[in-house]
Amino acid sequence: MLAAHMDEVGLIVTYITEEGYLKFTSVGGVDSRVILGRAVIAGENNTPGVIGIKPVHMVKEDEKANIPDADSLYIDIGADNREEAAKYVRPGDAVWFDSNLIHFGEGFLKARALDDRAGCAALIGIIKSDLPYDLNFVFTVQEEVGLRGAKTAAFSIEPDYAVVVETTTAADIAGVPKEKQVCKLGGGAVISFMDKSTVYSRELYDLAFSLAEKNNIKVQPKTVVAGGNDAGAIHTSRGGVRTLTVSLPCRYLHSPSCVICEADIAEVSKIVRALSEEFANA
């Protein structure tokens, strides 16, 4: 079973004020620092809006060092009052970042939701290739709010092995010591030995590096124990599933401007293919 999740972090409308502003809460782990003043799109009508914040010249001196709490923010969709706003948006509507995919630099991509668009793209590439063995491809939902789709999928499929294809935080940026950088863009696929939801099989972890060396595939370890992914639900399904996570390094995860290196997608696909062949022959 190869799994990547289709959902992304975002916001959800909770209330419309008398003035026509939208109150909201986060869906998944969204840091309020990355949403201030951001353009968003809301609801089934694709209504554009902006996350409002108090103008800087009205902020008191003792407030300037504070990051506004999400409860104090709102979405402005240009409505005059509640009745007008309700024509376009209602409580329970999803809100996502208005952020286009852009190629920049030497082989870099910027877009929202590369967690886990990148993993989905890698799996689609494998689906389109010539496969000499059977695989179950799963595109899960609600990973960001509790690994829910992966739980039901693993129970239904009952796989012998699973590979979760994800993105993971790359902190290879200025001011971060090397031991805290987690992984690096351009360094190839990231193999996890442990995160907050899974302690991975050392045998499978070592196998990934062995296959990478054998097939000249660029891989790197995830050097910080943090985060979690669908493996947390998959590896405990039924009587247990032997599971490994292969990730793509991504800067600014869970923000409107995730950044990845295109070359890393190819390395992720290669190691997932190699692992799949090994498991199929097992």
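Every number here is computed from the coordinates shown, using simple stated rules; none is lab data. All figures in this text were calculated on a predicted structure; none of them were measured in a lab. Backbone-built Cβ (ideal geometry, glycine too); neighbour counts: all protein chains shown.
Going by a ≥ b ≥ c, the root eigenvalues of the Cα gyration tensor, does the range 96-145 fall in the rounded group (a/c under 1.5), the prolate group (a/b larger than b/c) or the oblate group? Spell out each step's value before the answer.
On the way: a/c = 3.87, a/b = 1.46, b/c = 2.65.
Oblate shape, in that a/c is at least 1.5 and b/c is the bigger or equal ratio.
Among the listed pairs LYS178/LYS214; LYS128/LYS222; LYS110/LYS151; LYS110/LYS184; LYS184/LYS222; LYS128/LYS270, a Cα-Cα separation exceeding 21 Å is found for LYS178/LYS214; LYS128/LYS222; LYS110/LYS151.
GLU158 to TYR133: extension gain in nm, 0.36 nm per residue of separation minus the Cα-Cα distance?
On the way: separation 25, 0.36 × 25 = 9.00 nm, distance 1.72 nm.
Using 0.36 nm per residue and subtracting the Cα-Cα distance, I get 7.3 nm.
When Rg and Dmax are taken over the Cα atoms of the range 85-214, they come to 18.1, 60 Å. Cβ crowding within 10 Å ranks TYR15, TYR205 as TYR15, TYR205, fewest other Cβ atoms first.
Go from 0 up to the bin containing the longest alpha carbon distance in the chain, width 10 Å each, and give me the % of pairs per bin. Calculated over all Cα pairs of the chain, the distribution is 7, 26, 31, 21, 12, 4, 0 percent. Both numbers refer to the Cα atoms of the range 1-52; Rg and Dmax are 13.3, 50 Å. Under the rule of -39500 (n - 2.57) per DSSP H run of 4 or more residues, summed and divided by the residues of the chain, what mean residue ellipticity at 222 nm is obtained, to the nearest 500 deg cm²/dmol? Per the formula, -7000 deg cm²/dmol.
Ranked highest first by average number of other Cβ atoms within 10 Å, how do 206-218, 171-183 line up?
Values: 206-218: 15.0, 171-183: 13.2.
Packing order, densest peptide first, comes out as 206-218, 171-183.
Between the listed residues THR152, SER257, THR169, the Cα displaced farthest toward the positive end of the dipole of the chain, a dipole computed from Cβ unit charges relative to the Cα centre, is found at THR169.
Each Lys and Arg adds +1 at its Cβ and each Asp and Glu adds -1 at its Cβ; summed about the Cα centre, the chain shows a dipole of about 480 debye. For the range 200-282, the square roots of the Cα gyration tensor eigenvalues, ordered a ≥ b ≥ c, give a/c of at least 1.5 with a/b no greater than b/c, which places it in the oblate category.
Annotation: the residues LEU2, LEU147, LEU22, sorted from fewest to most other C-beta atoms within 10 Å of their own C-beta, follow the order LEU147, LEU2, LEU22.
Work out, in µm²/s and without decimals, the Stokes-Einstein translational diffusion coefficient of the range 1-159 at 37 °C, 0.692 mPa s, Rh from Kirkwood over C-alpha pairs.
180 µm²/s
Close amide H partners of HIS5, meaning residues 5 or more places away or on another chain with modelled amide H under 5 Å apart, are THR140.
Fewest-first ordering of ARG112, ARG238 by other beta carbons within 10 Å of each residue's beta carbon gives ARG238, ARG112.
Between LYS23 and GLU203, the modelled labels are 5.4 nm apart [label points 7 Å from Cα along Cα→Cβ]. Distances between placed amide hydrogens fall under 5 Å for ASN136 paired with LEU2, all partners being 5 or more residues away or on another chain.
Across the chain, the mean sequence separation of Cα contacts (distance under 8 Å, 6 or more residues apart), normalised by length, yields a relative contact order of 24 percent.
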